[in-house]
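Below is one structure. I have some questions about it.
The values are calculated or read from the model by the stated rules, or taken from the named source; none is laboratory data. A quick note: this is a predicted structure, and the numbers were derived from the prediction, not measured. Here the Cβ positions follow ideal geometry from the backbone for every residue, glycine too, while neighbour counts run over all protein chains shown. Ligands, DNA and RNA are stripped out before the accessible areas are found, and what is left, the full protein with its side chains, is counted by its heavy atoms. Shrake-Rupley method; radii C 1.70, N 1.55, O 1.52, S 1.80 Å.
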Amino acid sequence: MAKKQFKTESKRLLDLMVNSIYTNREIFLRELISNASDALDKRHYMSLTDDKYRCSEPLTIQIIPNREDRTLTIEDNGIGMNREELEENLGTIAHSGSELFKASLQENPEVDIIGQFGVGFYSSFMAARKVEVYSRTVDDGGYLWTSEGQDGYTISECEKEKTGTRITLYLREDTDDIKYSDYLDTYKLEALVKKYSDYIRYPIQMMVEKQRLKEGSEDEYETYQELKTLNSMVPLWRRNKKDITEQEYNDFYRSKFADWEAPAKVIHYSLEGNVSYRALLFIPSKVPYNFYSKDFEAGLQLYSKGVFIKDHAKELLPDYFYFVKGLVDSDDFSLNISREILQQDSQLQALGKSVTKKIKSTLVTMLTKEREEYEKFYKNFGSSLKYGVYQDFGINKKELEDLLLFYSSKDEKYVTLKEYVERMKEGQKEIYYCTGKNISQIKSVPQMEQFLEKGYEVLYLTEDIDEFALMMMRDYQEKPFKSVQQADVSIQSEEEKKQKEEVQKANESLLKKMGESLGGKVKEVRISSHLKKNPVCLVSEEGISMEMEKYLSQLPNSDSPKATKILEINADHEIFEVIKKAYENHPEDIDSYADLLYQQALLIEGFPIDDPVKFSNQICDLMKKAG
Ligand code: ADP
Ligand code: MG
């Protein structure tokens, strides 16, 4: 029979499994049991609407160690696989756990991480030199998939009486360091099941040896075999919170949601009322590697009375909480109506609303009681919240505004909007912010100097989404958001304003001339009230800001909207004197001076200049004149 080759990615993973120096090989059992449990779930689910899937016996998982053959068998009477499915599921690496593993491997080529999370079926090769998978679906005969690792696999027809899957591992020979034969030991196996798979909903059974007094004897014992259920079968989320250890939550999360790090937050609760349900939710401690790709599947698992119904139920979470993983188990859904339940939208919606509320209140508590934890969380998922504010025209504003954090000029730390407003200067009516790529760039924005000097706190917006979110929110506690780079922002005293107006008037014709020189590039040229050290700056009118213009220009949309800009000149700067003189003596130079100042202002704002060659020639001309 022709051997088939594994797909390249699978081969790599297999190599790692086979040659793994990883000590935590035991997790292969957890993986095989969890696959068996999934298969039982699928069969159970199908049987609700189709009688042919019904099973006359209880759905179980059997563990069968055999010392003579040195094999360990895991058998289920679940959904089974036909030839194509064996090929598809076991010959390629298209499935979740292993895919995740692959990604993390690219980031972190240490083999150490194997086994800390779901690596799936291939993990069986960590303990076995050869694996046989006998499987049968309700529609077809049996098939045998067999492989000795890297050099491929074969699939052939075989006898198999019952629907389901039987996986036999031919354990490797013991070495000085590793005793594979431990996996034939019933105590060891029982301990492993308890450790990793206790909550599995189906009985995991094994024949165990027991001792009893021989009949009619008082001191002679005999051993006998008894089928023992090894797991307690109570789903973790149905147990009492008090009795669950952190370790148990973490193990559950890692194995169920394929993450190799413990969650940042566990939210476990139950509610009785309009909607009654239990939920076990987790906030990951890292951004999932594919969070921003289309492969990321958001949503919670949905259970009814402990029975799995649906994965990735997106209805249960608003987009801005898509980072939450976990499950919801509600008694209100009657399983008998099976698939129709999913049409019961209103019930799902009510459930979703309640879950959302709980997540929010948990975050609020975290923010007030565990600030450090919250900031860590926010670094990971804050963008989701800000995106949530931006979406739907700020409809979620009220929900989310108190969860937002921004860096601020005060200690360059995160602040909430509430904190900002509480310590605003007397008479301050607006919330000031400044946008830029990073904090140091923001600090060099010419207008910042005066704001800081006058003791105003300024929010530092460093992410693209920040300003868009604020624009949607418009205000917080009736205090509008205002960019320090906006044309009409004003923190001047009456006197300063008057002074400025005078200078403006005195130089009216020069400023007008400069404006004309720049054509349509700026709306006007005027005397600035914001500048201290810098000779010039750009400000924008309300609407599209300069940072937004930069962001929008990166998008694949040819004519994105632009900010309406105003060029401001520092009347106290030496350069202004030079220009004034030039205007008197060589008015023909004003064109190029205006242009130079404008290009300079563009550079300061982090815009590309229009014509670098022209700019450089202009500077050369200027130097020649000076020399
Ligand atoms: P994952 O469980 O993350 O999908 P695995 O490598 O553990 O990845 O399993 C690959 C696939 O093989 C499963 O998705 C499932 O379709 C199939 N499979 C594995 N074990 C069984 C089983 N005991 N019964 C039926 N199908 C199975
Ligand atoms: Mg699996």
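Given a 1.4 Å probe and the protein chains all in place, what does the accessible area of SER232 round to, in Å² to the nearest 10?
50
How about the stretch 440-492: which chymotrypsin sites (Phe, Trp or Tyr not before Pro) there are in a DSSP loop, with at most 13 other Cβ atoms within 10 Å of their Cβ? Spell out each step's value before the answer.
Values: sites: PHE451, TYR456, TYR460, PHE468, TYR476, PHE481; in loops: TYR456.
Within the stretch 440-492, no chymotrypsin sites (Phe, Trp or Tyr not before Pro) qualify (loop, at most 13 other Cβ atoms within 10 Å).
Right, another one. What is the chain's relative contact order, in percent, from Cα pairs under 8 angstrom and six or more apart in sequence?
8
I want to verify the translational diffusion coefficient of the stretch 404-483 in µm²/s; compute it with Stokes-Einstein, Rh as the Kirkwood radius over Cα pairs, at 37 °C and 0.692 mPa s.
Details: Rh = 12.6 Å.
Answer, rounded: 261 µm²/s.
What is the sum of charges around GLU457, taking Lys and Arg as +1, Asp and Glu as -1, for the other residues whose C-beta is under 15 Å from the C-beta of GLU457?
Within the 15 Å Cβ shell, the charges total +2.
Of the GluC sites (Glu not before Pro) in the stretch 219-250, which ones lie in a loop per DSSP and count no more than 15 other C-beta atoms within 10 Å?
Sites meeting the loop and neighbour criteria: GLU220.
For LYS7, which lysines qualify as cross-link partners when the Cα separation must be under 16 Å and same-chain residues fewer than eight apart are set aside?
Within reach: LYS102.
May I pose another question? Leaving out same-chain residues fewer than 8 places away, which lysines sit with a Cα under 23 Å from that of LYS188?
The qualifying lysines are LYS130, LYS179, LYS210, LYS228, LYS256.
If every alpha-carbon in the chain counts as one equal scatterer, what log10 I(q)/I(0) does Debye give at q = 0.05, 0.06, 0.08, 0.11 1/Å?
Ignoring solvent entirely, the Cα scatterers give -0.38, -0.51, -0.75, -1.07.
A further question follows. What is the sum of charges, Lys and Arg at +1 and Asp and Glu at -1, for the other residues whose Cβ falls under 13 Å from the Cβ of VAL489? Kindly include the intermediate steps, with their values, before the conclusion.
Numbers: positive: LYS429, LYS454, LYS482, LYS497; negative: GLU430, ASP488, GLU541, GLU542, GLU568.
Net charge around VAL489: -1.
What figure in square angstrom, to the nearest 10, would you give for the accessible area of CYS55 with a 1.4 Å probe?
50
Then there is this: In nm, to one decimal, how far is the GLU148 label point from the MET623 one, both placed 7 Å along Cα→Cβ?
Going by the 7 Å Cα→Cβ label model, 7.5 nm.
Given 10 Å bins starting at zero, what is the percent of C-alpha pairs of the stretch 116-223 in each, up to the one with the largest pair distance?
11, 28, 34, 17, 8, 2
Taking only C-alpha pairs under 8 Å that are 6+ residues apart, what is the relative contact order of the stretch 473-627 in percent?
Averaging sequence separation for qualifying contacts and normalising by length gives 23 percent for the stretch 473-627.
Also, quick follow-up: Ranked highest first by average number of other Cβ atoms within 10 Å, how do 532-544, 356-368 line up?
By packing density, highest mean first, the sequence is 532-544, 356-368.
List the aspartates and glutamates whose Cα sits under 18 Å from the Cα of LYS314, skipping any in the same chain fewer than 8 residues away.
Of all the aspartates and glutamates, those that pass the test against LYS314 - Cα under 18 Å, at least 8 places apart if same chain - are ASP295, GLU297, ASP329, GLU340, ASP345, ASP392.
If you don't mind, another one. Ratio of alpha-carbon Rg to the 2.2 N^0.38 Å globular estimate for the stretch 494-626, to two decimals, please. Could the numbers behind the result be given before it?
On the way: Rg = 15.5 Å, N = 133, 2.2 N^0.38 = 14.1 Å.
Cα-based Rg divided by the globular estimate yields 1.10.
While we're on this one: Let me cross-check GLU87: its accessible surface, 1.4 Å probe, with only protein heavy atoms counted, in Å² to the nearest 10?
60
Quick one: net charge around ALA298, please, counting Lys, Arg +1 and Asp, Glu -1 for every other residue with C-beta under 15 Å from its C-beta.
Cβ neighbours under 15 Å give a net charge of -2.
So with the 1.4 Å probe, I'd like the accessible area per residue for the chain, rounded to whole Å².
Numbers: 31500 Å² over 627 residues.
On a per-residue basis, the chain sits at 50 Å².
A follow-up question, please. Which pairs in the list LYS443/LYS533; LYS397/LYS550; LYS265/LYS376; LYS454/LYS550; LYS429/LYS533; LYS194/LYS310 are over 18 Å apart, alpha-carbon to alpha-carbon?
Values: LYS443/LYS533 13 Å; LYS397/LYS550 25 Å; LYS265/LYS376 11 Å; LYS454/LYS550 29 Å; LYS429/LYS533 26 Å; LYS194/LYS310 26 Å.
LYS397/LYS550; LYS454/LYS550; LYS429/LYS533; LYS194/LYS310, as the Cα separations exceed 18 Å there.
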